[in-house]
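Contents: one structure, followed by commentary.
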Amino acid sequence: MTFFKKLKEKMTGESKETTEKYKEGLSKTRKSFSGRLNEIMARYRKVDDDFFEEVEEVLIGADVGFETVMELVDELKHEVKLRNISDPKEVQEVIVEKLVDIYTGDEELDASVNIQKDLTVILFVGVNGVGKTTTIGKLAHKYKEEGKKVVLAAGDTFRAGAIDQLEVWSERAGVDIIKHAEGGDPAAVIFDAVMSAKAKNADILLCDTAGRLQNKVNLMNELEKVKRVIAREIPDAPHEVLLVLDATTGQNAFVQAKQFKEATDVSGIVLTKLDGTAKGGIVIAIRNELDIPVKFVGLGEGINDLKSFDATEYVYGLFADVIDAEK
């Protein structure tokens, strides 16, 4: 059985709606990435150094990450030699197989959210403009639809309009919000939100934070203060620290991930606007070079378009055309 057939078989139990959303959401990356690979496969009659050089360029262009690309191409050369592959068209399947191997690694990272039996506290970090507030609003809607009682904490008290924006989302999702005046102490907002969520027997508390990266020391101190306030009331919280990144910024998102990882304990990543970029390979780079799981991806602007990350669906979205063509 070919690898593509195994991949299709693995997806038989997946939701058709989710599969289509990944296919649609990754269409820009697929057109650029998979489309260019197809052109290379069709143009070359043999697998040689020039062939691998072009494959390398395509992978770097998709923001798979320089280190990851070098590692991947070395493995491709080894595999091609081992299997005695001479037809370039056969290499594409090996590329997909190796991308899956890189993401799953020795042990696949856990993409699930650490939901508790009682109150689950999720802290959101990320620079301004990446879609942090929108992500919180969409997750609030998702958890509310699942029957959970949700509270929002407007902890970004520095950005003009951040509190109002989150309030609009709280109304849209039909959940409570705890807020203070603009310019107030974020830790005080979070404290009040924790107390309110506990008093209301809420299931989920989603906490916004300021997105200033200009001074990493200040950012770290601020986040540590917020985390101490939460842990005083709920010893094992926050249960998740989710970093929100804008996929359309490519390598800039990767740099932000590195900086935030140094500043705080990031447990997972939310990659927004994946549908708006041709550089969806950033998912692979984050996994391979930073060892942080992607937990949610934004595959559209609708309130239901924030999806839990699934490595199989992601790879399918990148190569849907060639995988679907497999008999």
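Per-residue answers, yes or no, for (1) part of a loop (DSSP other than H, G, I, E, B); (2) out of contact with any Ser or Thr (no Cβ under 8 Å at 6 or more places or on another chain); (3) at pLDDT below 95; (4) crowded, with 22+ Cβ neighbours inside 10 Å:
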{"position": "V130", "(1), (2), (3), (4)": "yes, no, yes, yes"}
{"position": "T135", "(1), (2), (3), (4)": "no, no, no, yes"}
{"position": "K138", "(1), (2), (3), (4)": "no, yes, no, yes"}
{"position": "K144", "(1), (2), (3), (4)": "no, yes, no, no"}
{"position": "K148", "(1), (2), (3), (4)": "yes, yes, no, no"}
{"position": "R159", "(1), (2), (3), (4)": "yes, yes, yes, no"}
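At pLDDT 95 or above and loosely packed, with under 15 Cβ neighbours inside 10 Å: does that describe A193?
no
Which residue, of T104, T135, is in contact with a strand residue (DSSP E or B) (Cβ under 6 Å, 6 or more places away or on another chain) and in contact (Cβ under 8 Å) with a residue 12 or more places away in the chain?
T135
Looking at the stretch 270-298, which of its residues are under 12 Å from the mean Cα position of the chain (by Cα) and hydroxyl-bearing (S, T, Y)?
T272
Could you check the stretch 241-262 and list, in sequence order, the residues that are buried (at least 20 other Cβ atoms within 10 Å of the Cβ) and over 22 Å from A62 (Cβ atoms)?
Result: V241, L242, F260.
Among the residues of the stretch 189-245, what is the count of those that are touching a Pro at 6+ places or on another chain (Cβ under 7 Å) and aliphatic (A, V, I, L, M)?
3
Exactly one of these conditions fails for E182: (1) exposed (fewer than 15 other Cβ atoms within 10 Å of the Cβ); (2) part of a loop (DSSP other than H, G, I, E, B). Give me its number.
Every listed condition holds for E182 apart from (1).
For the condition outside the structural domain of G276 (by TED's automatic domain parsing) and closer than 16 Å to F4 by Cβ, what is the one hit in E39, E93, E56, E71?
Just one listed residue meets the conditions, E93.
D265 passes all but one of (1) closer than 19 Å to N114 by Cβ; (2) in a helix (DSSP H, G or I); which number fails?
Of the numbered conditions (1) closer than 19 Å to N114 by Cβ; (2) in a helix (DSSP H, G or I), the odd one out for D265 is (2).
Within the stretch 43-69, track down each residue that is touching a residue at least 12 places away in the same chain (Cβ under 8 Å) and either among the aliphatic types (A, V, I, L, M) or under 21 Å from Y314 (Cβ atoms) (or both).
Of everything in the stretch 43-69, those that are touching a residue at least 12 places away in the same chain (Cβ under 8 Å) and either among the aliphatic types (A, V, I, L, M) or under 21 Å from Y314 (Cβ atoms) (or both) turn out to be V47, V55, V58, L59, G61, A62, D63, V64, G65, E67, T68, V69.
When you go through A257, A188 one by one, which is the residue that is over 30 Å from K117 (Cβ atoms) and assigned to a helix (DSSP H, G or I)?
A257
May I ask you to list the residues in the stretch 39-58 that are in contact with a Phe, Trp or Tyr (Cβ under 8 Å, 6 or more places away or on another chain) and farther than 17 Å from D87 by Cβ?
Once the filter is applied, which keeps residues that are in contact with a Phe, Trp or Tyr (Cβ under 8 Å, 6 or more places away or on another chain) and farther than 17 Å from D87 by Cβ, the stretch 39-58 yields only V58.
Can you name every residue in the stretch 113-128 that is closer than 25 Å to A199 by Cα and buried (at least 22 other Cβ atoms within 10 Å of the Cβ)?
Of everything in the stretch 113-128, those that are closer than 25 Å to A199 by Cα and buried (at least 22 other Cβ atoms within 10 Å of the Cβ) turn out to be T120, V121, I122, L123, F124.
So G276 passes all but one of these: (1) within 21 Å of G137 (Cβ to Cβ); (2) surrounded by 19 or more Cβ atoms within 10 Å (Cβ to Cβ); (3) touching a helix residue (DSSP H, G or I) at 6+ places or on another chain (Cβ under 8 Å). Which condition number does it fail?
(2)
Which of the residues belonging to the stretch 14-26 are surrounded by fewer than 17 Cβ atoms within 10 Å (Cβ to Cβ) and touching a residue at least 40 places away in the same chain (Cβ under 8 Å)?
If the condition is that a residue be surrounded by fewer than 17 Cβ atoms within 10 Å (Cβ to Cβ) and touching a residue at least 40 places away in the same chain (Cβ under 8 Å), then E14, T18, E24 are the ones that fit.
Mind checking whether some residue in the stretch 162-171 is closer than 17 Å to T133 by Cβ, among the hydroxyl-bearing types (S, T, Y), modelled with pLDDT of 95 or more and touching an Asp or Glu at 6+ places or on another chain (Cβ under 8 Å)?
Yes, the stretch 162-171 has at least one match.
Please state which of the following conditions L82 fails to meet, knowing it meets all the rest: (1) surrounded by 16 or more Cβ atoms within 10 Å (Cβ to Cβ); (2) in a helix (DSSP H, G or I).
Failing condition for L82: (1).
Say we look at the stretch 45-59 and pick out the residues that are surrounded by 16 or more Cβ atoms within 10 Å (Cβ to Cβ) and under 27 Å from the mean Cα position of the chain (by Cα); which of these is nearest to G281 (Cα to Cα)?
Filtering the stretch 45-59 for residues that are surrounded by 16 or more Cβ atoms within 10 Å (Cβ to Cβ) and under 27 Å from the mean Cα position of the chain (by Cα), the one nearest to G281 (Cα to Cα) comes out as L59.
What are the residues in the stretch 268-296 that are outside any helix (DSSP H, G or I) and of a type in the set (D, E, K, R), if any?
Within the stretch 268-296, K273, K279, D291, K295 qualify.
Return the only residue of A263, A325 being within 30 Å of V91 (Cβ to Cβ) and of a type in the set (G, A, S).
Criteria check complete, one pass: A325.
The values are calculated or read from the model by the stated rules, or taken from the named source; none is laboratory data. All of these numbers come straight from a predicted model, not from anything done at the bench. Please note: Cβ atoms are built from the backbone with ideal geometry, for glycine as well, and neighbour counts cover all protein chains shown.
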